[in-house]
1. Can you work out the Karplus-derived ³J(HN,Hα) for every residue in the range B:274-279? Use 6.51 cos²θ - 1.76 cosθ + 1.60 with θ = phi - 60°, whole Hz, and x for glycine or proline.
2. Listing B:Thr204, B:Thr213, B:Thr119 from the residue with the fewest other Cβ atoms within 10 Å to the one with the most, what is the order?
3. If you line up the long axis of helix A:2-14 against the longest principal axis of chain A, both from Cα atoms, how many degrees apart are they, to the nearest 10?
4. For chain B, what is the calculated [θ] at 222 nm in deg cm²/dmol (nearest 500), taking -39500 (n - 2.57) for each run of four or more DSSP H residues and dividing by its residue count?
5. Among B:Tyr271, A:Tyr84, A:Tyr69, what is the fewest-to-most ranking by other Cβ atoms within 10 Å?
6. So what's the net charge close to B:Gly57: Lys and Arg +1, Asp and Glu -1, counting the other residues with Cβ under 12 Å from its Cβ?
7. Based on DSSP loop calls and a cut-off of at most 10 other Cβ atoms within 10 Å, the longest stretch of chain B free of exposed GluC sites (Glu not before Pro) is what?
8. Once you put a point 7 Å from the Cα of B:Val388 and another 7 Å from the Cα of A:Glu146, both along the Cβ direction, what distance in nm separates them?
Amino acid sequence: MLGILKRREQQAANKTEGTAKKTRATAAQLRAQRDISELSLPSTISLTFPDPDDILHFEATITPDDGYYKGGVFRFNVNVGPQYPHEPPKVKCTQKIYHPNIDLEGNVCLNILREDWKPVLSLHSVFIGLQLLFLEPNPGDPLNKEAAEDLRNHPSAFAKNVKNSMMGGYVKSVSFDNVLKN
Amino acid sequence: MAAVEAPDYASGPRWRDLNRIFQREGGFHKDDDEPYNPEAQREFIKNKGKILVIGAGGLGCEILKNLALSGFTDIHVIDMDTIDISNLNRQFLFRASDVGKPKASVAASFIMSRVPGVTITPHYGAIQDKDTSYYSQFTLIICGLDSVEARRWINATLFSMSDPNEPDTFVPLIDGGTEGFKGQSRIIIPGLSSCYECSLDMLTPQTAVPICTLASIPRQPAHCIEWASLLEWPRVFEDKKLDTDDPEHISWLYETALQRAREFNITGVTYQLTQGVVKNIIPAIASTNAIIAASCCNEALKLMTNMHNYIDNYMMYTGDEGVYTHTFQHEKKEGCPVCGEKKTTMMEVEAEWTLQELIDKLKEKPDVQLKRPTITKNGKGLFYQAPVQLFESTKANLEKKVNELMQSGDVIDVTDPGLPFSVSVEIIFK
């Protein structure tokens, strides 16, 4: 320690004032950079970066090409925190939609976004997981209980409700956002 | 209390015990570069060593007291919290009349009033508010923290500022931590030992309950509380952020959770449990704090004076199974994003090259070998291979000259499918 300090003193004496501080990218930024630059997304998933220099906050858009939700455009805010990949990214749907696994506030029930998240997963897994929710909504993990019950007990009524809601109509006196492609 | 006397390092009774320790070198100690010199060591502690203590809570109080009594005279302490009544059972530098005041300043003035000759400089604020120019002024940093996030931050900060060519930038870290009867202390030396990030996998993952369980079939009181904080709060108070230190907010959560618990015939929701769940409070035991703080300060003394070998590099204490401690060398993790594999390499470029030419040369560089590199500088994208939007917004840079995008000496971060993590490349203009 003393030896180190001696060298430190010399350094301090020689050092001129105001040397530039180096800011470095954080571990979360680097990991997100790696995840994002290696994405090979299907045409049904796209990303928008409001600030291209901020890869930790962006929007993901899912346009399912099959299933109940075909024809809809679903938008999510993705927020990659400083603890990423130790903690999962935070994902919220920005529209009010009728879906068994997404509540009216946009909270999403997807196992890999919470209890089954692991650092070996990546943003790619998150987007694929989100898409799966639209291809195969899961009545077993309900966040919108009524939608889940409809899907389980009256699939044809559920399909009709989805259609109505996607057009911006009402389902059981709750109004939903229009999410149809223009 | 007797009248405060000026410290007498040579013979005063306050220094008698310390002098005895300083008299001779520890039995197993051997360091040819720095032969043991008791006078120089004492002088060093007294006049040169400058220590930062991060956290003035359970561990912090113990650490500050130990350091002051070990002869250190220039101590800084940083803490962002104020004193809560529940702290008083173990955070012995605080009194009931201090409730609501910043921990750092109360702790500093208490120690200074008791220990003559020590100066403690308090900082009331978050560690993230200070930059590397602040942290590099210290000889040593000791952490008594309660969060993974803060530890990762200080660890990464100390590593990022340590430059092998500038000893001035190199600050060792001693990290203490306790949880109930268990505790640990470890020494992290940038560039030599493994770092906090290397051991991240050892942390027990927080058990999370599926959000749909919270929403539809709660079974435990904690489920009701999590439901109230995670789902109900944002729904009811759309844009108001939940402040877990605000008693009104906690009361609201408590009432809401209690009502939900009643609906599902669940008992056991209390105000205290509510606080515990949303603030993620873990039990704190005063004796564990004392043991861990003692270990941290012991290591600080050894590191700073060279009187004995310091631990290499991790000590675990498991007080619920006896007084056993286990010390081992925690190894560096290959590919650790903070200290590991992240090679820094240097590359000489022509200032007149385009970014495309730079990338082509980078691909040929034998020590990196890239396929489809993506390049950023300080987190800002210079060129992205994917996704489409970032490729489109950065592809124009490919035609730009290198000297328009960076200066000689800048470091760029490169990720590539062929790399385990990333490479930093220092760009030097020919």
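Computed from the coordinates by the stated procedures, all read-outs in this text should not be read as laboratory data. Nothing here was measured: the structure is a model prediction, and the numbers come from that model. Glycine gets a Cβ as well: all are built from the backbone with ideal geometry, and neighbour counts include every protein chain shown.
1. Karplus-based 3J(HN,Hα) across the range B:274-279 equals 4, 4, x, 6, 6, 9 Hz.
2. B:Thr204, B:Thr119, B:Thr213
3. Between the helix axis and the principal axis of chain A, the angle is about 90 degrees.
4. Result for chain B: -9000 deg cm²/dmol, rounded to the nearest 500.
5. B:Tyr271, A:Tyr84, A:Tyr69
6. Here the count lands on -3.
7. Between the exposed loop sites, the longest stretch runs B:1-237.
8. About 3.7 nm, to one decimal.
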